[in-house]
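A.B. asks: Dropping the structure in here first, questions after.
Please treat every number below as a calculation from the coordinates, not as lab data. The structure displayed is predicted, hence computed values, not measured ones. Neighbour counts are summed over all protein chains in view; Cβ atoms, including those assigned to glycine, are modelled from backbone coordinates with ideal geometry.
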Amino acid sequence: MIFASQIFLFWFLPLVLLAYYIVPVRARSLLLTIASFVFYGWWRIDFTVLMLFSTVLDFFIGGSIGRAGQRLATVPPDSAEAARLIRKRKLVLTLSICANLGLLGYFKYMNFGVESLSAILTAMGLEGVSWPSVVLPVGISFYTFQTMSYAIDVYRGEAPPVASIVDFSCFVTLFPQLVAGPIVRYQTLADQLRGRTHTWDKFALGTSLFQIGFAKKILLADTVSRIADSAYALAAPSTCEAWLGTLAYAFQIYFDFSGYSDMAVGLGLMFGFEFPVNFDSPYKSRSVTEFWRRWHVSLSTWLRDYLYIPLGGNRGSEKRTYVNLMITMLLGGLWHGAAWTYVAWGAYQGVLLAFERFTNRRPLYWRTPVVVQVLLTFAITLGGWVLFRSTDIGQAGRFLSAMVGFGEGDAGSRRFAVDGLQWLALALCAGIAWFLPNSNEVARNKTPWIVIGAALVFPLAICHLYFQRYSPFLYFQF
């Protein structure tokens, strides 16, 4: 099930909200857990087994690590019992990491691995290998990261082991952020799972955020997506087509994913939860380093805390710091999808971040006016989006060549139509991305104009959704 569907808007959400506020407070987390399994299993009920497995496994692993840690604090540090408890904690944590990464690796990367191996064998003149295509469960990248981070945080002593499996199940399966984030750590929601406040102001803020996010997704992202799709369907784009298509995709992915995040945060508020903000006007960034502090904040933070810092972060030599940064960004790119284009995108981002670190986190153009810094950073970001959007390295090469004037078509030509509504959507995307505050700031500014505006664009977006019938979220594939 997706947010941008009639079944969710007119049946699932109203019924769950009604039931949530009717049942006793102590039963609300259980209700949300059941509703979340229904939400997740709407497409493929068998995939709920995978989510249930990760949930149960890490619940017991977290408890085991916590009990061993409590026992460890009561025995002499140099005793045999202390050594045994330390080994046990490491062993069960390794089990969590291997199980979660094993699930993620099989379902997300098996097809990619087999295809790459087959291509290598074929190039060597040998017979390629075949494998039944593996279907990727929606949201597996998000909920495996959440359950795994819980076990790691308990091991580090940064979070207490959860006592109730219902609370932990609610944390893992919570449908507002289940399939596309933001990635929320257990300690962020621990107190809220045990007891959260419900106020009219919080509910109203959540409603406004949901409406704003829904409009961003349906009215803006879906409209400019048609430009991007038309451009990237061309075998040999011109310079104009390559720039226009990539610009449209940059706005599509931003308003699609930030719109989803707005809806997730808004839905959380309706049920009393406060999730972290996932986007902070990233296209206003004046450097690539700043961009990654503003874009997909929950993933950037996760990669920093659970990958970059454990690798050594910036605590070693300068050379080692660059290696850690590159590894983190390469794996961050691969996290998004099993394709060489994502690896190339991760490498591209890693090189840019490493270079800015070499220049004291300043781009070469840091002395230019702010507007120039923002535009140049955006242009650099567009180069990354070409890699991200392309189906293979060859297509990415053709688009990047076209963007610097080496396209096969006439530089100013365009072989697909862009109607007035699409031009308007592009203009609105640019205006919102560069000149307005982020959605969270807009929604919290409870002026009558904001409330009325959100209330007006929401039914307009619903009408648009009704006529286009289907509106998938880009990040479901990740």
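A.B. asks: Can you pull out the chymotrypsin sites (Phe, Trp or Tyr not before Pro) in segment 298-381 whose DSSP state is coil and whose Cβ has at most 15 other Cβ atoms within 10 Å?
C.D. replies: Listed in order of number, the matching sites are TYR365, TRP366.
A.B. asks: Under the classification rounded if a/c is under 1.5, otherwise prolate if a/b is larger than b/c and oblate if not, where does segment 195-237 fall, given a ≥ b ≥ c as square roots of the Cα gyration tensor eigenvalues?
C.D. replies: prolate
A.B. asks: Normalise the Cα radius of gyration of the chain by 2.2 N^0.38 Å (N = residues in it) and let me know the number.
C.D. replies: Working it through for the chain, the quotient is 1.03.
A.B. asks: Can you give me the convex hull volume of the Cα atoms of segment 1-136, divided per residue and expressed in Å³?
C.D. replies: Taking the convex hull of the Cα positions in segment 1-136, it is 169 Å³ per residue.
A.B. asks: Still on this model: Putting +1 on Lys and Arg Cβ atoms and -1 on Asp and Glu Cβ atoms, find which of GLY266, ALA231, LEU220 reaches farthest to the positive end of the dipole of segment 194-285.
C.D. replies: It is GLY266, whose Cα lies furthest towards the positive end.
A.B. asks: Any chance you could run the full-extension gain for SER401 through LEU364? It's 0.36 nm times the residue separation minus the Cα-Cα distance, nm to one decimal. Don't skip to the end; give the middle numbers.
C.D. replies: Details: separation 37, 0.36 × 37 = 13.32 nm, distance 2.29 nm.
The SER401-LEU364 span can extend by a further 11.0 nm.
A.B. asks: Under 24 Å Cα-Cα from LYS202, which lysines qualify once same-chain neighbours fewer than 8 residues away are excluded?
C.D. replies: Within the straight-line cut-off, LYS202 pairs with LYS216, LYS217, LYS446.
A.B. asks: How much length, in nm to one decimal, is gained on full extension between ARG357 and HIS464, taken as 0.36 nm per residue of separation minus their Cα-Cα distance?
C.D. replies: Result: 34.0 nm gained on full extension.
A.B. asks: Pick out the long, greasy-scoring helices in the chain: whole DSSP H runs spanning 18 Å or more along their own axis by Cα, mean Kyte-Doolittle at least -1.0.
C.D. replies: Helices passing the filter in the chain: 28-41, 48-72, 80-123, 140-156, 200-215, 239-270, 318-336, 340-358, 370-389, 420-435, 448-468.
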